[in-house]
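The next block holds one structure in the form of structure tokens; read it before the comments.
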Amino acid sequence: MKKLIGGIVLLSASSMAMAVAPGGSDCGWGNMIFDGQSGMGPHFLALTTNGTSGNATFGMTSGTNGCSVDGTLSYGGESMISSIMDEFSSDVARGHGEALNAVAVMMGIEAADRSTFSKVTHENFKILFPHADVTAKEVIAALNEVMKSDARLAKYAA
């Protein structure tokens, strides 16, 4: 019973996280059917309708069903860096580590450039972490600036 309840909770949480999905917030038959409704129930049913029939995927490739691939994807949750801030700052200070590698992967840095990423972040520790209460948002902004100033990493900067 615990597994069933846990599964329902995880399914519900992941469904809410994906309520605004690739293709746009108006994408798919589920969004058309439940247009104007709000709350977990309609969002869950719209997502399920779109996911089980594959119509959102079809809509994105054909430009129908209210779908578009013109916009930028976004994530409304907490930044991964904020959830591993202590580990990330320690790894940057050392110049290597799992959290540093995880951030490099998250940022799409190719394996061949990850040692450069580690070196550059280590050398710029004081810029990335100027004070003890620096936020993840500030670190990300500083990280992008540091990367823009490096010839090899500039292509990965936002």
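Computed from the coordinates by the stated procedures, all read-outs in this text should not be read as laboratory data. Note that the coordinates shown come from a computational prediction; the quantities given were computed from them, not determined experimentally.
Couplings 3J(HN,Hα) of region 92-101, computed from phi: 4, 4, 7, x, 6, x, 5, 5, 4, 5 Hz, in residue order, whole Hz [Karplus 6.51 cos²θ - 1.76 cosθ + 1.60, θ = phi - 60°; x for Gly and Pro]. Counting every alpha-carbon pair across region 80-156, the share separated by more than 20 Å comes to 17%. In order along region 40-46, the phi-based Karplus estimate (6.51 cos²θ - 1.76 cosθ + 1.60, θ = phi - 60°) of 3J(HN,Hα) comes to 5, x, x, 5, 5, 5, 5 Hz; Gly and Pro are listed as x. The string of couplings for region 138-144 from the Karplus curve (6.51, -1.76, 1.60, θ = phi - 60°) is 5, 5, 4, 4, 5, 4, 5 Hz, one whole number per residue in order, with x for Gly and Pro.
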